[in-house]
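*Asks:* Before I ask anything, here is the structure I am working with.
Read the figures in this text as sums done on the coordinates, not as results from a lab. Values in this document were obtained by computation on a predicted structure and should not be read as measured data. Cβ placement follows ideal geometry from the backbone for every residue including glycine, while neighbour counts extend to all protein chains displayed.
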Amino acid sequence: MQPVPTPRITPLPAPVRPDPVRDRWAAPMRLAMAEAELAVATGDVPVGALVLGPDGSVIGRGHNEREAVGDPTAHAEVVAIRQAAAAVGEWRLGGCTLVVTLEPCTMCAGAIVLSRLDRVVYGALDEKAGAAGSLFDVMRDRRLNHRPEVVWGVLADECAEQLRDFFDTHR
Ligand SMILES: [Zn+2]
């Protein structure tokens, strides 16, 4: 009996599946990535954030400016939250969404809880310092009195690539 020849199988590219949870945040995430790029001019790590009002309009934006202003708390999220609170005229940001290119750290996760944001959308995971699922999960800790919805991994590869590009050329 003749052996059956092994067919050559060319793997198909992975299909691009619609992701109803994440796809709607891709456009604002690209805006946050553009904001992140502004950090590079001052040698700051490119992280960008936006706060969207209840109607989806941008009411706050910020990029990491720790080096630019010499402030250890000048993370993109904190800058954007301060701007949004000033725009709204009070500290409560209920109904608003924060979009950020990198998983928030413990400080920013704390600021997000304190500002009563409804939702946080982030891009790349920060396995070393992330406080939204990686190292800690501050925003979904049931012991706290406010827990925003968390959508993670929106354009995660592109956001991670932006950071890698920076570290490849600056460090
Ligand atoms: Zn932070």
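*Asks:* When the helix-only estimate is applied to the chain (DSSP H runs of n ≥ 4, each -39,500 (n - 2.57), divided by the residue count), what is the mean residue ellipticity at 222 nm, nearest 500 deg cm²/dmol? Write down the numbers at each step before the final one.
*Replies:* Working: 5 runs with 53 residues, N = 171.
Helix-only estimate at 222 nm: -9500 deg cm²/dmol.
*Asks:* Right, another one. Using the number of other C-beta atoms within 10 angstrom as an exposure proxy, rank 25, 152 with the fewest first. Don't skip to the end; give the middle numbers.
*Replies:* Values: 25 22, 152 18.
In increasing order of surrounding Cβ atoms, one gets 152, 25.
*Asks:* Based on DSSP, what percent of beta bridges with both residues in region 87-171 are antiparallel, to the nearest 5?
*Replies:* Values: 1 of 9 bridges.
Taking every DSSP beta bridge within region 87-171, about 10 percent pair in antiparallel fashion.
*Asks:* Can you give the net charge of the other residues whose Cβ lies under 10 Å from the Cβ of residue 95, counting K and R as +1 and D and E as -1? All intermediate terms of the calculation are to be shown ahead of the outcome.
*Replies:* On the way: positive: 92, 116, 119; negative: 55, 118.
Every neighbour counted, the sum reads +1.
*Asks:* Note down the nm distance, to one decimal, between modelled labels 7 Å out along Cα→Cβ at residue 164 and at residue 73.
*Replies:* With each label placed 7 Å out from Cα toward Cβ, I get 3.5 nm.
*Asks:* So if each residue of separation counts as 0.36 nm, and I subtract the Cα-Cα distance between residue 116 and residue 30, what length gain in nm does that give? Each step should come with its number before you reach the end.
*Replies:* On the way: separation 86, 0.36 × 86 = 30.96 nm, distance 2.40 nm.
Extending this stretch completely gives an extra 28.6 nm.
*Asks:* Also: How charged is the neighbourhood of residue 33? Take every other residue with its Cβ under 11 Å from the Cβ of residue 33, and add Lys/Arg as +1 and Asp/Glu as -1.
*Replies:* Values: positive: 30; negative: 35, 37, 158, 161.
That works out to -3.
*Asks:* Apply 1/(1 + (r/R0)^6) to the Cβ-Cβ distance of residue 92 and residue 143, taking R0 = 22 Å, and write down the FRET efficiency to the nearest 0.05.
*Replies:* Details: r = 21 Å, r/R0 = 0.94.
The calculated FRET efficiency here is 0.60.
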